[in-house]
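Below is one structure, written out as structure tokens; the observations come after it.
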Amino acid sequence: MSVKIRLQRHGSKKRPFYFIVVASTTAPRDGKFIEKLGTYNPLTVPATIRISRERSLYWLDKGALPTNTCRRILSFKGVLFLKHLMRGVTLGLFDEQTAMEKFEKWNAEHEELVAKREESHRAHKAERRHETMQDSVRRVEEKNIARAQVAEAQKETEE
């Protein structure tokens, strides 16, 4: 039986939410699965991904093939890098402690990068909101000035 790591769609129309599951290749997309590894919500910025690294690594070692999207998700969360390091341990290139140190170092850098991206997104969003607010205030002030000028012109014509 061939096994894949893939996404199982949930959520309503136009509001996707996915479970990351291990399923047989013959099972339907939203059908029977072997194990749920985590969740993926693409609607948040950045996308929210919760995944069990240990179980994902277990299934990858057993020969489960991730789909393209799941491969990107596993790579983003460091599961594929951890698999790469564990392969080095089995070949005797370094011990497991060194592999975990390398992974923790990579994970810390990665989390810092993700936090920086999230902060820049928030700053950009706040800046856009501020620009929109200034533009609407400017338009209202222009309308008020135009009304005042029309009222002044009417006063002059009455006199």
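Hey, TYR58 hits all of (1) modelled with pLDDT of 95 or more; (2) under 21 Å from TRP106 (Cβ atoms); (3) touching a strand residue (DSSP E or B) at 6+ places or on another chain (Cβ under 8 Å) but one; which does it fall short on?
Condition not satisfied by TYR58: (3).
Looking at the range 34-63, which of its residues are over 20 Å from SER2 (Cα atoms), in contact with a Ser or Thr (Cβ under 9 Å, 6 or more places away or on another chain) and of a type in the set (A, V, I, L, M, F, W, C)?
Those that are over 20 Å from SER2 (Cα atoms), in contact with a Ser or Thr (Cβ under 9 Å, 6 or more places away or on another chain) and of a type in the set (A, V, I, L, M, F, W, C): ILE49, ILE51.
Check whether at least one residue in the range 37-55 is in a helix (DSSP H, G or I) and either loosely packed, with under 14 Cβ neighbours inside 10 Å or of a type in the set (S, T, N, Q) (or both), and report yes or no.
The answer is yes; a qualifying residue exists.
Give the residues of the range 15-36 that are over 21 Å from PHE76 (Cα atoms) and either part of a loop (DSSP other than H, G, I, E, B) or among the acidic types (Asp, Glu) (or both), sorted by residue number.
Selection gives ARG15, THR25, THR26, ALA27, PRO28, ARG29, ASP30, GLY31, LYS32, PHE33, ILE34.
Working carefully through the options LYS62, LYS116, find the one that is more than 22 Å from HIS10 (Cβ to Cβ) and either in contact (Cβ under 8 Å) with a residue 12 or more places away in the chain or surrounded by 15 or more Cβ atoms within 10 Å (Cβ to Cβ) (or both).
Among LYS62, LYS116, only LYS62 is more than 22 Å from HIS10 (Cβ to Cβ) and either in contact (Cβ under 8 Å) with a residue 12 or more places away in the chain or surrounded by 15 or more Cβ atoms within 10 Å (Cβ to Cβ) (or both).
Can you name the residue in the range 1-23 that is more than 21 Å from the chain's Cα centre (by Cα) and surrounded by 14 or more Cβ atoms within 10 Å (Cβ to Cβ) and, of all such residues, is farthest from LEU60 (Cα to Cα)?
Restricting to residues being more than 21 Å from the chain's Cα centre (by Cα) and surrounded by 14 or more Cβ atoms within 10 Å (Cβ to Cβ), the top hit is ALA23.
Working carefully through the options LYS102, LYS83, LYS116, LYS77, find the one that is within 16 Å of the chain's Cα centre (by Cα) and within 30 Å of LYS4 (Cα to Cα).
Exactly one residue qualifies, and that residue is LYS77.
The values are calculated or read from the model by the stated rules, or taken from the named source; none is laboratory data. Being a predicted model, the structure only gives us computed values, none of them experimental. Here the Cβ is made from the backbone with ideal geometry for all residues, glycine too, and neighbour counts use every protein chain on show.
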